[in-house]
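Read through the structure below, which is laid out as structure tokens, and then see the notes.
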Amino acid sequence: MASKYVAILRSKRTGTLTWQLLESHVAHLKKLTLEGKMLLCGPFKDNEGAFQLISADSYESAKAILESDPFILNSYYQKYELFDLIEANPENNWLIDDSQTKTNIDTT
């Protein structure tokens, strides 16, 4: 079963975006969406970074997907962080019984 990974893209090289780069980035996103690998993405309103929610079988696969993005390949975004997401939802009771949640509870 695929996991979800959150990518935060930062350090944008403002003033370097071309129509060609934008079109190749959008084509990449469309392909990943059709494959079920890109679940959600977009820039932040402050125009300083962007977010991608990736579905992949492993951290390494998610990293490869992210690094194949033309925005990363062409250093439009010079830095990124990639996180393995533990999704909280009704099916898992919002992680109330999750071991990580229990570890974080202050019992004093």
Legend entry - Residue among 17, 39 that is farther than 25 Å from residue 88 by Cα, surrounded by fewer than 16 Cβ atoms within 10 Å (Cβ to Cβ) and among the hydrophobic types (A, V, I, L, M, F, W, C): 17
Inset, instruction - State whether one or more residues within segment 74-91 are surrounded by 11 or more Cβ atoms within 10 Å (Cβ to Cβ), more than 13 Å from the chain's Cα centre (by Cα) and at positive phi. - result: yes
Legend entry - Conditions (1) surrounded by fewer than 16 Cβ atoms within 10 Å (Cβ to Cβ); (2) touching a residue at least 40 places away in the same chain (Cβ under 8 Å); (3) of a type outside the set (Val, Ile, Thr); number of the one not met by residue 66: (1)
Inset, instruction - Check residue 91 against each of (1) modelled with pLDDT under 95; (2) touching an Asp or Glu at 6+ places or on another chain (Cβ under 9 Å); (3) charged (D, E, K, R) and name the one condition it does not meet. - result: (2)
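The values are calculated or read from the model by the stated rules, or taken from the named source; none is laboratory data. Just so you know, these numbers come straight off a predicted model, no measurement behind them. A quick note on method: Cβ atoms are made from the backbone with ideal geometry, for glycine too, and the neighbour counts reach across all protein chains shown.
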